[in-house]
Amino acid sequence: MINFETTEMVKQIKDMLHGMTKDIMRPIARYYDEHEHVRPKELDAFGPIMQAGMGGGRKKGKKEKKGITQTEDRIGTAAISVAGAEELAWGDVGLMLAMPGSGLGNAAIDAVATDEQYERFGKKYSAMAITEPGCGSDASAVTTTAVLDGDEYVLNGEKIFVTDGDRCDAVVVWATLDKTKGRAAIKSFVVEKGTPGFRVEKLEKKCGIRASDTATLVFEDCRIPKDNLLGDPEIRPEGGFKGVMKTFDNTRPLVAAMALGCARAAFEFTRDALEKEGIEVRYDRGMSKQSAIEKDLIWMDANLEVMRLLIERAVWMADNGRSNNLEASMSKAKAGKYGNLIVQKCVELLGPIGYSQKYLVEKWMRDNKVNDIYEGTQQIQMLVIARRILGYGRDMLS
Ligand SMILES: Cc1cc2nc3c(=O)[nH]c(=O)nc-3n(C[C@H](O)[C@H](O)[C@H](O)COP(=O)(O)OP(=O)(O)OC[C@H]3O[C@@H](n4cnc5c(N)ncnc54)[C@H](O)[C@@H]3O)c2cc1C
(Lines give C-alpha, C1' and ligand atoms only; values in the text may rest on other atoms or scores of the structure.)
Protein backbone atom coordinates (compact mmCIF):
# COMPACT_ATOMS: atom_id res chain seq x y z
CA MET A 1 0.00 0.00 0.00
CA ILE A 2 1.43 3.40 -0.94
CA ASN A 3 2.18 5.58 2.02
CA PHE A 4 1.89 9.29 1.18
CA GLU A 5 2.57 10.48 4.68
CA THR A 6 5.43 12.97 4.90
CA THR A 7 7.83 11.46 7.40
CA GLU A 8 9.54 13.50 10.06
CA MET A 9 12.88 13.05 8.28
CA VAL A 10 11.61 14.43 4.95
CA LYS A 11 9.85 17.24 6.76
CA GLN A 12 13.07 18.20 8.52
CA ILE A 13 15.04 18.15 5.26
CA LYS A 14 12.43 20.31 3.57
CA ASP A 15 12.31 22.78 6.46
CA MET A 16 16.07 23.09 6.52
CA LEU A 17 16.33 23.60 2.75
CA HIS A 18 13.41 25.99 2.74
CA GLY A 19 15.18 28.28 5.21
CA MET A 20 18.44 28.10 3.28
CA THR A 21 16.87 28.76 -0.10
CA LYS A 22 14.85 31.65 1.28
CA ASP A 23 17.85 33.29 2.92
CA ILE A 24 20.59 32.43 0.43
CA MET A 25 19.06 31.79 -3.01
CA ARG A 26 16.17 34.22 -3.27
CA PRO A 27 18.28 37.34 -2.48
CA ILE A 28 20.81 36.53 -5.24
CA ALA A 29 18.39 35.12 -7.83
CA ARG A 30 17.98 38.31 -9.84
CA TYR A 31 21.71 39.08 -9.87
CA TYR A 32 22.61 35.74 -11.44
CA ASP A 33 19.69 35.97 -13.85
CA GLU A 34 21.25 39.20 -15.08
CA HIS A 35 24.83 37.88 -14.97
CA GLU A 36 24.66 34.69 -16.98
CA HIS A 37 27.79 32.51 -16.82
CA VAL A 38 29.05 34.08 -13.58
CA ARG A 39 29.56 31.25 -11.09
CA PRO A 40 27.34 31.70 -8.02
CA LYS A 41 30.03 31.31 -5.36
CA GLU A 42 27.45 31.76 -2.57
CA LEU A 43 26.29 28.22 -3.37
CA ASP A 44 29.59 26.50 -2.59
CA ALA A 45 28.37 25.72 0.93
CA PHE A 46 25.55 23.65 -0.53
CA GLY A 47 27.91 21.14 -2.18
CA PRO A 48 28.16 18.66 0.70
CA ILE A 49 24.39 18.80 1.29
CA MET A 50 23.72 18.06 -2.37
CA GLN A 51 26.11 15.13 -2.32
CA ALA A 52 24.59 13.72 0.83
CA GLY A 53 20.96 14.04 -0.11
CA MET A 54 20.49 14.36 -3.87
CA GLY A 55 21.71 11.25 -5.58
CA GLY A 56 24.69 10.88 -3.30
CA GLY A 57 23.08 8.53 -0.87
CA ARG A 58 22.45 5.21 -2.59
CA LYS A 59 22.46 2.32 -0.20
CA LYS A 60 24.81 -0.53 -1.07
CA GLY A 61 23.14 -3.51 -2.69
CA LYS A 62 20.00 -1.51 -3.45
CA LYS A 63 19.16 -3.60 -6.48
CA GLU A 64 19.37 -6.86 -4.59
CA LYS A 65 17.01 -5.84 -1.79
CA LYS A 66 14.00 -8.08 -1.47
CA GLY A 67 11.22 -8.89 0.95
CA ILE A 68 11.02 -5.50 2.62
CA THR A 69 7.51 -4.30 3.31
CA GLN A 70 6.68 -1.21 1.31
CA THR A 71 5.77 1.02 4.21
CA GLU A 72 9.01 0.21 6.03
CA ASP A 73 11.03 1.02 2.92
CA ARG A 74 9.01 4.10 1.99
CA ILE A 75 11.81 6.61 2.37
CA GLY A 76 14.67 6.02 0.02
CA THR A 77 17.00 8.18 -2.06
CA ALA A 78 14.34 9.00 -4.64
CA ALA A 79 11.82 10.33 -2.12
CA ILE A 80 14.43 12.44 -0.37
CA SER A 81 15.80 13.72 -3.68
CA VAL A 82 12.44 14.97 -4.95
CA ALA A 83 11.59 16.56 -1.61
CA GLY A 84 14.90 18.43 -1.74
CA ALA A 85 14.49 19.31 -5.42
CA GLU A 86 11.06 20.83 -4.83
CA GLU A 87 12.34 23.01 -2.01
CA LEU A 88 15.49 24.11 -3.86
CA ALA A 89 13.46 24.91 -7.00
CA TRP A 90 11.09 26.89 -4.80
CA GLY A 91 14.17 29.02 -4.06
CA ASP A 92 15.37 29.23 -7.66
CA VAL A 93 15.53 26.63 -10.44
CA GLY A 94 18.59 28.13 -12.12
CA LEU A 95 20.55 28.40 -8.88
CA MET A 96 19.48 24.92 -7.89
CA LEU A 97 20.97 23.57 -11.11
CA ALA A 98 24.10 25.63 -10.47
CA MET A 99 24.73 24.06 -7.09
CA PRO A 100 27.96 22.13 -7.00
CA GLY A 101 27.69 18.54 -5.86
CA SER A 102 24.92 16.80 -7.73
CA GLY A 103 23.68 17.07 -11.31
CA LEU A 104 21.38 15.03 -13.53
CA GLY A 105 24.31 12.71 -14.24
CA ASN A 106 24.25 11.69 -10.57
CA ALA A 107 20.70 10.45 -10.97
CA ALA A 108 21.92 8.45 -13.99
CA ILE A 109 24.77 6.98 -11.96
CA ASP A 110 22.37 6.16 -9.18
CA ALA A 111 20.06 4.36 -11.61
CA VAL A 112 22.55 2.39 -13.69
CA ALA A 113 25.97 2.09 -11.97
CA THR A 114 27.16 -1.06 -10.26
CA ASP A 115 28.03 -0.74 -6.58
CA GLU A 116 31.72 -0.56 -7.49
CA GLN A 117 31.08 2.24 -10.01
CA TYR A 118 28.86 3.99 -7.51
CA GLU A 119 31.77 4.03 -5.05
CA ARG A 120 33.98 5.67 -7.71
CA PHE A 121 31.53 8.13 -9.26
CA GLY A 122 28.64 8.59 -6.83
CA LYS A 123 30.18 11.65 -5.20
CA LYS A 124 31.38 13.33 -8.37
CA TYR A 125 29.31 16.30 -9.51
CA SER A 126 28.04 14.88 -12.79
CA ALA A 127 26.21 16.28 -15.80
CA MET A 128 24.32 14.16 -18.32
CA ALA A 129 25.00 14.43 -22.05
CA ILE A 130 22.51 12.80 -24.40
CA THR A 131 21.43 15.53 -26.82
CA GLU A 132 23.40 16.06 -30.04
CA PRO A 133 23.00 18.45 -32.99
CA GLY A 134 20.99 15.74 -34.78
CA CYS A 135 19.42 13.94 -31.82
CA GLY A 136 17.10 15.21 -29.10
CA SER A 137 13.71 13.67 -28.45
CA ASP A 138 14.73 10.43 -30.12
CA ALA A 139 17.58 9.43 -27.81
CA SER A 140 18.15 6.27 -29.87
CA ALA A 141 19.54 8.45 -32.69
CA VAL A 142 22.77 9.10 -30.75
CA THR A 143 25.78 9.20 -33.09
CA THR A 144 28.64 9.73 -30.63
CA THR A 145 30.77 6.60 -30.83
CA ALA A 146 32.63 4.55 -28.23
CA VAL A 147 35.15 2.05 -29.61
CA LEU A 148 36.87 -0.46 -27.37
CA ASP A 149 40.65 -0.35 -27.74
CA GLY A 150 42.44 -2.59 -25.24
CA ASP A 151 41.37 -1.54 -21.76
CA GLU A 152 39.93 1.76 -22.92
CA TYR A 153 36.96 3.14 -24.82
CA VAL A 154 37.69 5.87 -27.36
CA LEU A 155 34.89 8.43 -27.59
CA ASN A 156 34.18 10.71 -30.57
CA GLY A 157 31.24 13.08 -30.99
CA GLU A 158 29.53 16.30 -29.93
CA LYS A 159 26.94 16.88 -27.20
CA ILE A 160 24.85 20.04 -26.93
CA PHE A 161 22.74 21.72 -24.25
CA VAL A 162 24.44 19.91 -21.40
CA THR A 163 23.29 21.33 -18.05
CA ASP A 164 26.25 21.82 -15.66
CA GLY A 165 28.50 20.80 -18.57
CA ASP A 166 31.09 23.43 -17.72
CA ARG A 167 31.08 23.40 -13.92
CA CYS A 168 30.72 19.66 -13.31
CA ASP A 169 33.47 17.17 -12.34
CA ALA A 170 32.29 14.45 -14.72
CA VAL A 171 29.79 13.84 -17.51
CA VAL A 172 27.63 10.79 -18.17
CA VAL A 173 27.83 10.51 -21.97
CA TRP A 174 25.51 8.42 -24.12
CA ALA A 175 27.35 6.84 -27.04
CA THR A 176 26.92 3.91 -29.40
CA LEU A 177 29.22 0.90 -29.40
CA ASP A 178 28.12 0.03 -32.93
CA LYS A 179 25.94 2.21 -35.16
CA THR A 180 24.78 -0.82 -37.17
CA LYS A 181 23.26 -2.44 -34.07
CA GLY A 182 20.71 0.31 -33.28
CA ARG A 183 19.35 1.18 -29.86
CA ALA A 184 20.74 -1.86 -28.07
CA ALA A 185 24.30 -0.62 -28.70
CA ILE A 186 23.77 2.68 -26.85
CA LYS A 187 25.51 2.79 -23.47
CA SER A 188 26.38 5.48 -20.97
CA PHE A 189 29.96 6.31 -20.03
CA VAL A 190 31.44 8.44 -17.27
CA VAL A 191 34.00 10.91 -18.60
CA GLU A 192 35.87 12.90 -15.99
CA LYS A 193 36.88 16.52 -16.48
CA GLY A 194 40.47 16.90 -17.55
CA THR A 195 40.44 13.73 -19.63
CA PRO A 196 42.49 14.46 -22.79
CA GLY A 197 40.26 14.79 -25.87
CA PHE A 198 37.31 16.19 -23.89
CA ARG A 199 36.63 19.93 -24.06
CA VAL A 200 33.89 22.45 -23.38
CA GLU A 201 33.28 24.14 -26.75
CA LYS A 202 30.81 26.90 -25.83
CA LEU A 203 28.15 28.08 -23.37
CA GLU A 204 24.54 28.83 -24.34
CA LYS A 205 22.79 32.14 -23.66
CA LYS A 206 19.28 31.27 -22.53
CA CYS A 207 15.77 32.56 -21.88
CA GLY A 208 15.58 31.16 -18.35
CA ILE A 209 17.63 29.27 -15.72
CA ARG A 210 20.41 31.69 -16.60
CA ALA A 211 22.32 30.97 -13.38
CA SER A 212 22.87 27.44 -14.69
CA ASP A 213 25.54 26.74 -17.30
CA THR A 214 24.47 24.90 -20.46
CA ALA A 215 27.38 23.70 -22.55
CA THR A 216 28.41 22.17 -25.85
CA LEU A 217 30.93 19.38 -25.23
CA VAL A 218 33.27 17.85 -27.77
CA PHE A 219 34.95 14.43 -27.54
CA GLU A 220 37.85 13.84 -29.91
CA ASP A 221 39.66 10.52 -29.52
CA CYS A 222 38.87 10.80 -25.83
CA ARG A 223 40.14 7.69 -24.04
CA ILE A 224 38.48 6.49 -20.84
CA PRO A 225 38.96 3.29 -18.79
CA LYS A 226 36.66 0.55 -20.03
CA ASP A 227 35.22 0.22 -16.51
CA ASN A 228 33.66 3.67 -16.99
CA LEU A 229 30.88 2.12 -19.07
CA LEU A 230 27.91 2.16 -16.71
CA GLY A 231 26.09 -1.14 -16.30
CA ASP A 232 26.14 -4.02 -18.79
CA PRO A 233 28.77 -3.70 -21.58
CA GLU A 234 27.15 -6.38 -23.78
CA ILE A 235 25.03 -5.42 -26.79
CA ARG A 236 21.81 -7.31 -26.16
CA PRO A 237 19.22 -6.97 -28.95
CA GLU A 238 16.44 -7.72 -26.45
CA GLY A 239 16.06 -4.94 -23.91
CA GLY A 240 19.60 -3.58 -24.27
CA PHE A 241 18.43 0.03 -24.51
CA LYS A 242 16.28 -0.29 -21.41
CA GLY A 243 19.39 -0.10 -19.23
CA VAL A 244 20.27 3.47 -20.18
CA MET A 245 16.60 4.49 -20.46
CA LYS A 246 16.22 3.54 -16.80
CA THR A 247 18.04 6.78 -16.09
CA PHE A 248 14.87 8.69 -17.02
CA ASP A 249 12.82 6.81 -14.45
CA ASN A 250 15.00 8.56 -11.86
CA THR A 251 15.42 11.95 -13.48
CA ARG A 252 11.85 12.59 -14.67
CA PRO A 253 10.29 12.73 -11.18
CA LEU A 254 13.21 14.94 -10.15
CA VAL A 255 12.49 17.43 -12.95
CA ALA A 256 8.77 17.18 -12.14
CA ALA A 257 9.60 18.16 -8.54
CA MET A 258 11.53 21.16 -9.84
CA ALA A 259 8.46 22.26 -11.84
CA LEU A 260 6.35 21.79 -8.72
CA GLY A 261 8.71 23.85 -6.55
CA CYS A 262 8.86 26.72 -9.04
CA ALA A 263 5.07 26.73 -9.58
CA ARG A 264 4.47 26.60 -5.84
CA ALA A 265 6.73 29.63 -5.39
CA ALA A 266 4.65 31.60 -7.90
CA PHE A 267 1.37 30.41 -6.39
CA GLU A 268 2.37 31.37 -2.85
CA PHE A 269 3.63 34.78 -3.97
CA THR A 270 0.38 35.43 -5.86
CA ARG A 271 -1.86 34.19 -3.06
CA ASP A 272 -0.04 36.38 -0.52
CA ALA A 273 -0.08 39.44 -2.80
CA LEU A 274 -3.82 39.05 -3.36
CA GLU A 275 -4.41 38.51 0.34
CA LYS A 276 -2.81 41.90 1.00
CA GLU A 277 -5.44 43.36 -1.33
CA GLY A 278 -8.17 41.68 0.69
CA ILE A 279 -8.73 38.81 -1.75
CA GLU A 280 -8.78 35.48 0.06
CA VAL A 281 -9.85 32.04 -1.09
CA ARG A 282 -13.00 30.91 0.68
CA TYR A 283 -12.62 27.17 0.24
CA ASP A 284 -15.84 26.50 2.14
CA ARG A 285 -18.04 28.34 -0.36
CA GLY A 286 -19.79 26.66 -3.25
CA MET A 287 -18.40 27.29 -6.74
CA SER A 288 -21.28 29.57 -7.67
CA LYS A 289 -20.41 31.85 -4.77
CA GLN A 290 -16.69 32.11 -5.50
CA SER A 291 -15.11 34.90 -7.50
CA ALA A 292 -13.18 34.20 -10.72
CA ILE A 293 -9.89 34.87 -8.91
CA GLU A 294 -10.80 32.44 -6.12
CA LYS A 295 -11.58 29.77 -8.70
CA ASP A 296 -8.20 30.37 -10.35
CA LEU A 297 -6.39 30.06 -7.03
CA ILE A 298 -8.23 26.85 -6.16
CA TRP A 299 -7.46 25.46 -9.62
CA MET A 300 -3.76 26.17 -9.04
CA ASP A 301 -3.79 24.76 -5.53
CA ALA A 302 -5.52 21.56 -6.65
CA ASN A 303 -3.14 21.05 -9.56
CA LEU A 304 -0.10 21.54 -7.33
CA GLU A 305 -1.49 18.76 -5.15
CA VAL A 306 -2.01 16.45 -8.15
CA MET A 307 1.53 17.15 -9.30
CA ARG A 308 2.83 16.24 -5.85
CA LEU A 309 0.85 13.01 -5.63
CA LEU A 310 2.01 11.83 -9.05
CA ILE A 311 5.63 12.57 -8.14
CA GLU A 312 5.31 10.80 -4.79
CA ARG A 313 3.81 7.75 -6.46
CA ALA A 314 6.67 7.58 -8.98
CA VAL A 315 9.39 7.86 -6.33
CA TRP A 316 7.64 5.53 -3.93
CA MET A 317 7.72 2.90 -6.67
CA ALA A 318 11.41 3.57 -7.34
CA ASP A 319 12.27 3.37 -3.66
CA ASN A 320 10.38 0.10 -3.33
CA GLY A 321 12.05 -1.59 -6.29
CA ARG A 322 9.12 -1.36 -8.69
CA SER A 323 9.31 -0.38 -12.33
CA ASN A 324 7.99 3.20 -12.54
CA ASN A 325 8.53 4.05 -16.19
CA LEU A 326 4.88 4.97 -16.81
CA GLU A 327 4.46 6.79 -13.51
CA ALA A 328 7.72 8.75 -13.93
CA SER A 329 6.50 10.03 -17.31
CA MET A 330 3.07 10.81 -15.88
CA SER A 331 4.59 12.90 -13.12
CA LYS A 332 6.77 14.80 -15.58
CA ALA A 333 3.98 15.32 -18.13
CA LYS A 334 1.64 16.73 -15.51
CA ALA A 335 4.18 18.83 -13.64
CA GLY A 336 5.89 20.10 -16.82
CA LYS A 337 2.65 21.30 -18.35
CA TYR A 338 0.83 22.53 -15.26
CA GLY A 339 3.95 24.07 -13.78
CA ASN A 340 4.02 26.38 -16.78
CA LEU A 341 0.26 26.99 -16.81
CA ILE A 342 0.31 27.92 -13.12
CA VAL A 343 3.21 30.35 -13.40
CA GLN A 344 1.60 31.97 -16.44
CA LYS A 345 -1.69 32.25 -14.57
CA CYS A 346 0.14 33.96 -11.68
CA VAL A 347 1.65 36.53 -14.05
CA GLU A 348 -1.84 37.09 -15.46
CA LEU A 349 -3.51 37.54 -12.05
CA LEU A 350 -0.79 39.86 -10.77
CA GLY A 351 -0.91 42.15 -13.80
CA PRO A 352 2.04 44.60 -13.90
CA ILE A 353 3.52 43.13 -10.70
CA GLY A 354 3.70 39.77 -12.45
CA TYR A 355 5.49 41.16 -15.48
CA SER A 356 7.79 43.59 -13.69
CA GLN A 357 11.41 42.68 -13.02
CA LYS A 358 10.98 44.17 -9.57
CA TYR A 359 9.65 40.77 -8.53
CA LEU A 360 10.67 37.24 -9.46
CA VAL A 361 7.40 35.94 -10.93
CA GLU A 362 8.29 36.87 -14.52
CA LYS A 363 11.61 35.08 -14.03
CA TRP A 364 9.89 31.97 -12.69
CA MET A 365 7.77 31.96 -15.84
CA ARG A 366 10.96 31.92 -17.94
CA ASP A 367 12.71 29.43 -15.66
CA ASN A 368 9.94 26.88 -15.44
CA LYS A 369 9.64 26.43 -19.22
CA VAL A 370 12.70 24.21 -19.32
CA ASN A 371 11.11 21.68 -16.96
CA ASP A 372 8.71 20.83 -19.77
CA ILE A 373 11.59 20.38 -22.23
CA TYR A 374 14.59 18.53 -20.85
CA GLU A 375 14.52 14.87 -19.80
CA GLY A 376 11.89 14.43 -22.54
CA THR A 377 9.48 17.10 -23.73
CA GLN A 378 5.76 17.18 -22.93
CA GLN A 379 5.01 15.51 -26.27
CA ILE A 380 7.49 12.71 -25.63
CA GLN A 381 6.05 12.03 -22.17
CA MET A 382 2.58 11.71 -23.74
CA LEU A 383 4.00 9.24 -26.26
CA VAL A 384 5.59 7.15 -23.51
CA ILE A 385 2.37 7.19 -21.48
CA ALA A 386 0.20 6.25 -24.46
CA ARG A 387 2.53 3.42 -25.47
CA ARG A 388 2.61 2.05 -21.94
CA ILE A 389 -1.14 2.20 -21.41
CA LEU A 390 -2.02 0.80 -24.83
CA GLY A 391 0.78 -1.74 -24.87
CA TYR A 392 2.12 -0.35 -28.16
CA GLY A 393 5.75 -0.53 -29.23
CA ARG A 394 7.68 2.33 -30.82
CA ASP A 395 6.92 0.86 -34.24
CA MET A 396 3.16 1.24 -33.59
CA LEU A 397 3.17 4.74 -32.07
CA SER A 398 5.90 7.31 -32.72
C1 LIG B 1 18.16 24.69 -20.94
C2 LIG B 1 18.29 23.31 -21.46
C3 LIG B 1 19.05 22.39 -20.78
C4 LIG B 1 19.21 21.08 -21.27
N5 LIG B 1 19.98 20.19 -20.58
C6 LIG B 1 20.25 18.99 -21.15
C7 LIG B 1 21.17 18.08 -20.50
O8 LIG B 1 21.66 18.32 -19.39
N9 LIG B 1 21.49 16.95 -21.16
C10 LIG B 1 20.96 16.62 -22.37
O11 LIG B 1 21.29 15.59 -22.91
N12 LIG B 1 20.06 17.45 -23.00
C13 LIG B 1 19.71 18.62 -22.40
N14 LIG B 1 18.82 19.46 -23.02
C15 LIG B 1 18.26 19.08 -24.30
C16 LIG B 1 16.83 18.62 -24.19
O17 LIG B 1 16.76 17.38 -23.52
C18 LIG B 1 16.26 18.56 -25.61
O19 LIG B 1 16.15 19.91 -26.06
C20 LIG B 1 14.92 17.88 -25.68
O21 LIG B 1 15.05 16.51 -25.40
C22 LIG B 1 14.26 18.03 -27.05
O23 LIG B 1 15.13 17.66 -28.06
P24 LIG B 1 15.42 18.65 -29.28
O25 LIG B 1 15.80 19.97 -28.73
O26 LIG B 1 16.37 18.01 -30.22
O27 LIG B 1 14.03 18.84 -29.98
P28 LIG B 1 13.33 17.89 -31.06
O29 LIG B 1 13.48 16.47 -30.70
O30 LIG B 1 13.81 18.33 -32.40
O31 LIG B 1 11.80 18.32 -30.86
C32 LIG B 1 11.32 19.60 -31.31
C33 LIG B 1 9.81 19.62 -30.97
O34 LIG B 1 9.15 18.51 -31.62
C35 LIG B 1 8.45 17.71 -30.66
N36 LIG B 1 8.55 16.31 -31.03
C37 LIG B 1 9.68 15.60 -31.30
N38 LIG B 1 9.37 14.32 -31.59
C39 LIG B 1 8.03 14.20 -31.51
C40 LIG B 1 7.11 13.14 -31.68
N41 LIG B 1 7.52 11.91 -32.01
N42 LIG B 1 5.79 13.40 -31.52
C43 LIG B 1 5.35 14.65 -31.18
N44 LIG B 1 6.18 15.70 -31.00
C45 LIG B 1 7.50 15.48 -31.14
C46 LIG B 1 9.18 17.99 -29.34
O47 LIG B 1 8.32 17.74 -28.26
C48 LIG B 1 9.54 19.44 -29.47
O49 LIG B 1 8.45 20.24 -29.11
C50 LIG B 1 18.60 20.73 -22.50
C51 LIG B 1 17.80 21.66 -23.18
C52 LIG B 1 17.63 22.93 -22.67
C53 LIG B 1 16.76 23.90 -23.42
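The values are calculated or read from the model by the stated rules, or taken from the named source; none is laboratory data. In this text the structure is predicted, and so the values were computed from the model without any measurement. Cβ: placed from backbone, ideal geometry, glycine included. Neighbour counts: every protein chain shown. In case anyone asks, the SASA skips ligands and DNA or RNA and just uses the protein heavy atoms, side chains included. Shrake-Rupley method; radii C 1.70, N 1.55, O 1.52, S 1.80 Å.
For the stretch 126-230, the alpha-carbon radius of gyration amounts to 1.02 times the rule-of-thumb value 2.2 N^0.38 Å expected for a compact globular protein. With both labels modelled 7 Å from their Cα along Cα-to-Cβ, the ILE2 to ASP44 distance reads 4.3 nm. DSSP beta bridges fully contained in the chain are about 85 percent antiparallel.
In this structure, SER140 and LEU309 have a Cβ-Cβ separation that, at R0 = 25 Å, corresponds to a calculated FRET efficiency of about 0.20. Extension gain, LEU397-SER291: 0.36 nm per intervening residue step, less the Cα-Cα distance, totals 33.9 nm.
When ligands, DNA and RNA are left out and all protein chains stay put, how many square angstrom of accessible area per residue does the stretch 313-357 have with a 1.4 Å probe? Display every interim value, and only then the final one.
Details: 1720 Å² over 45 residues.
Dividing the accessible area of the stretch 313-357 by its residue count gives 38 Å².
Suppose we flag trypsin sites (Lys or Arg not before Pro) only when DSSP calls them loop and at most 14 other Cβ atoms lie within 10 Å. Which is the longest uninterrupted stretch of the chain?
Numbers: sites that count: LYS59, LYS60, LYS65, LYS66, LYS205, ARG282, ARG285, ARG322, LYS358, ARG394.
My reading of the result: 67-204 is the longest stretch.
Semi-axes of the equivalent ellipsoid of the chain are 35, 24, 20 Å, computed as sqrt(5λ) over the eigenvalues of the C-alpha gyration tensor in descending order.
A crude spin-label estimate for the pair ALA302 and TYR31, with each label 7 Å from Cα along the Cβ direction, gives 4.2 nm. Counting only Cβ charges, +1 for Lys and Arg and -1 for Asp and Glu, the dipole size of the stretch 91-154 around its Cα centre is about 260 debye. Within straight-line reach of LYS369, meaning a Cα separation under 19 Å, sit the following lysines at least 8 residues removed in sequence or on another chain: LYS205, LYS206, LYS332, LYS334, LYS337, LYS345. Using a probe of 1.4 angstrom and keeping all protein chains present, the accessible surface of the stretch 161-272 works out to 38 square angstrom per residue.
Within the stretch 290-398, which chymotrypsin sites (Phe, Trp or Tyr not before Pro) sit in a loop by DSSP and count at most 10 neighbouring Cβ atoms inside 10 Å? Don't jump to the answer; show the numbers that get you there.
Details: sites: TRP299, TRP316, TYR338, TYR355, TYR359, TRP364, TYR374, TYR392; in loops: TYR359, TYR374, TYR392.
Answer in residue order: no site qualifies.
Given +1 on the Cβ of Lys and Arg, -1 on the Cβ of Asp and Glu, and no further charges, what dipole in debye does the chain carry about its Cα centre, rounded to the nearest 20? Could you put the intermediate results ahead of the total?
Details: 57 positive and 59 negative charges, 125 e Å.
For this selection, approximately 600 debye.
When DSSP beta bridges are restricted to pairs lying wholly in the stretch 106-178, around 55% turn out antiparallel.
Given +1 on the Cβ of Lys and Arg, -1 on the Cβ of Asp and Glu, and no further charges, what dipole in debye does the stretch 189-247 carry about its Cα centre, rounded to the nearest 20? Working shown, then result.
Values: 11 positive and 10 negative charges, 66 e Å.
The calculation lands at about 320 debye.
Modelled spin labels at GLU152 and THR180, positioned 7 Å past Cα toward Cβ, are 2.6 nm from each other. In the chain, the DSSP-assigned H stretches of four residues or longer account for a calculated mean residue ellipticity at 222 nm of -14500 deg cm²/dmol, using -39500 (n - 2.57) per stretch and the full residue count as denominator.
Rolling a 1.4 angstrom probe over the stretch 126-230 with all protein chains present gives an accessible area of which 47% lies on carbon and sulfur atoms.
Over the chain, calculate the relative contact order: mean separation of alpha carbon pairs under 8 Å at least 6 apart, over the residue count, as a percent.
Numbers: 739 pairs, mean separation 68.5, N = 398.
Relative CO of the chain lands at 17 percent.
A cut-off of 5 Å between modelled amide H atoms, ignoring neighbours fewer than 5 places along the same chain, links MET128 with LEU104, GLY105, THR163, VAL172.
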